[in-house]
Amino acid sequence: TQNIYILAIESSCDDTAASVMLNGKILSNVVAGQSIHEAYGGVVPELASRAHQQNIVPVVDQALSRANVDKSQLSAIAFTRGPGLMGSLLVGTSFAKSLAYGLHIPLIDVNHMQAHILAHFIDEEGFEKPPFPFLAMTISGGHTQIVQVNSYFDMDVIGETIDDAVGEAFDKSGKILGLGYPAGPEIDRRAKLGNPKAFKFTKPRVDGLNFSFSGLKTAILYFIQKEVKANPNFIEERLNDICASIQYTIIGILIDKLKLATKQTGITHIAIGGGVSANTGIREALKNGEAKFGWTTYVPKFEFTTDNAAMIAIVGYLKYLEGDFAAQNVMASSRLKI
Ligand code: KG4
Ligand code: ZN
């Protein structure tokens, strides 16, 4: 049988990533993060595209050398076409096009949101692949979606955020509390030491399977301002309890929507992805859902949940098998839909 080598490139936000895959198995997975955004408390698009420009060649070279694969062996180049920041997408897209053009091999465009979901199909020991149909919940700093996945390329978004992403809810709450960026991991760590029921924040009321997180952020801001007025040391004295209460509220919102989604679709296989799926509380809540609601839950290997190119490679591989290639005039698309 033929060996299919895919080189995949991801540059949709602030991580420059490249990965080499052989027949569905990852040979290398390189990610260069951009610490420059920490000082700004969020991703600065202009700085992100400049950093991609600097990182892309070294990251691709490293992915090839770690995989011990030469450019001449590659079968196709896969790249993230969107959604994402236009200036960032353009770097990966242009690079992928040039390389495919120079090597006379096919080019494969990949939807970043599909990739977060199909990351579950990377061959990886100890990780089971979800059976079709399943529900995928993609939760990160840039996205919050519930998707019904009928097959690899037949997916319907059945719920999504109407404002902030869930990761932003963590990060913006953290900013109010004076924590560093991104604040999700620290809120998670402190939540374990605090009382989740110490403070109560009302959950947003959004119909159906859509999400809203901007109201929660405002509620937290007002609450903190009021408390600090009464006691200037409120944040430092109660930080763990505040973090635990915020996390408890956010997880409650996610689990409520999942419950509704399983009820509406009758599907009980649930796969999660995106940076927020690292959260200890959400993992615990999903596990509890197995006993409580009869769910079967799937969490991918950590390096495949945050933005990475291995997930782009698996989609590239699946599209390669179908002969689904992109033309050389394909364009990046910042609002690409599933
Ligand atoms: O997938 P990702 O690395 O990048 C994108 O946003 O696409 O996700 C980053 C987000 C940030 O908002 C970060 O605060 C959040 O994931 N995050 C967490 C945890 N680890 C990362 N949020 C809650 N708990 C965590 N343990
Ligand atoms: Zn992402």
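Derivation of every value follows stated rules applied to the coordinates shown; laboratory data play no part. In this text the structure is predicted, and so the values were computed from the model without any measurement. Note that we place each Cβ from the backbone using ideal geometry, even for glycine, and neighbour counts take in every protein chain shown.
On a 0 to 90 degree scale, rounded to 10, what angle separates helix 310-322 from the longest Cα axis of the chain?
50 degrees
Taking the Cα centre of each part, how many Å lie between region 201-219 and region 1-71?
Their Cα centres are 34 Å away from one another.
Can you give the convex hull volume of the alpha carbon atoms of region 169-220 per residue, in Å³? Walk me through the intermediate numbers first.
Details: hull volume 5.0 nm³, N = 52.
Cα-based convex hull of region 169-220, divided per residue, equals 96 Å³.
What angle, in degrees between 0 and 90 and rounded to the nearest 10, separates the Cα long axis of helix 166-176 from the longest principal axis of the Cα atoms of the chain?
It is inclined by approximately 50 degrees.
Taking amide hydrogens as modeled 1.01 Å from N in the peptide plane, which residues meet the under 5 Å criterion relative to S333, leaving out close sequence neighbours?
G82
Could you quote the convex hull projected area for the chain, Cα atoms only and averaged over all directions, in nm²?
Working: hull surface 69.0 nm².
Mean projected area for the chain: 17.2 nm², to one decimal.
Near the amide H of D164, under 5 Å away, which other amide H atoms are found, from residues 5 or more places off or on another chain, if H is placed in the peptide plane?
Answer set, sorted by chain and number: F213, S214.
What does the extension gain come out to for E38 and Q62, with contour length at 0.36 nm per residue minus their alpha carbon separation?
Numbers: separation 24, 0.36 × 24 = 8.64 nm, distance 2.49 nm.
Working it through step by step, the gained length comes to 6.2 nm.
At 0.36 nm per residue, and after removing the present C-alpha to C-alpha distance, how many nm does the segment from I235 to K203 gain when stretched out fully? Walk me through the intermediate numbers first.
On the way: separation 32, 0.36 × 32 = 11.52 nm, distance 2.16 nm.
Result for the pair: 9.4 nm of gain on full extension.
Please go through region 102-196 and write out the trypsin sites (Lys or Arg not before Pro) that DSSP classes as loop and that have at most 16 other C-beta atoms within 10 Å. Could the numbers behind the result be given before it?
Working: sites: K172, K175, R189, R190, K192; in loops: K192.
Sparse-neighbourhood loop trypsin sites (Lys or Arg not before Pro): K192.
What ranking of T138, T218 emerges when the number of other C-beta atoms within 10 Å of each C-beta is taken as an exposure proxy, fewest first? Walk me through the intermediate numbers first.
Values: T138 30, T218 12.
Listing T138, T218 from fewest to most nearby Cβ atoms yields T218, T138.
Report, in whole Å, the centroid distance computed from the Cα atoms of region 288-338 and region 91-129.
Cα centroid of region 288-338 versus Cα centroid of region 91-129: 9 Å apart.
Using a 7 Å offset from the Cα along the Cα-to-Cβ direction at both N150 and T280, what is the distance between the two label points in nm, to one decimal?
The modelled label-to-label distance comes out at 4.1 nm.
Relative contact order of region 128-299, please, whole-number percent, based on alpha carbon pairs below 8 angstrom and at least 6 residues apart.
On the way: 300 pairs, mean separation 49.1, N = 172.
Result for region 128-299 is 29 percent.
At a Cα cut-off below 14 Å, give the aspartates and glutamates reachable from K292, other chains included and same-chain residues fewer than 8 away excluded.
D256, E284
Which entries in the list K172/K192; K200/K287; K197/K217; K259/K319 go over 28 Å, if you measure between the two C-alpha atoms of each? Spell out each step's value before the answer.
Values: K172/K192 20 Å; K200/K287 24 Å; K197/K217 18 Å; K259/K319 32 Å.
Result: K259/K319 exceed 28 Å.
Please determine, in degrees from 0 to 90 and to the nearest 10, the orientation of helix 234-265 with respect to the longest principal axis defined by the Cα atoms of the chain, where the helix direction is its Cα long axis.
60 degrees
Using just the C-alpha positions of region 128-299 as equal point scatterers, what log10 of I(q)/I(0) does the Debye formula give at each q in 0.08, 0.13, 0.19, 0.20 1/Å?
These q points yield log10 I(q)/I(0) values of -0.24, -0.62, -1.21, -1.32.
Note the full-extension length gain between K226 and K263 as 0.36 nm times their separation in residues minus their Cα-Cα distance, in nm to one decimal. Present the calculation step by step, with values, prior to reporting the outcome.
On the way: separation 37, 0.36 × 37 = 13.32 nm, distance 3.91 nm.
Net length gain for the segment: 9.4 nm.
Would you kindly derive the ³J(HN,Hα) couplings of region 113-120 from the backbone phi angles with the Karplus curve 6.51 cos²θ - 1.76 cosθ + 1.60 (θ = phi - 60°), listing them in order in whole Hz, with x for Gly and Pro?
6, 5, 5, 4, 7, 6, 3, 5
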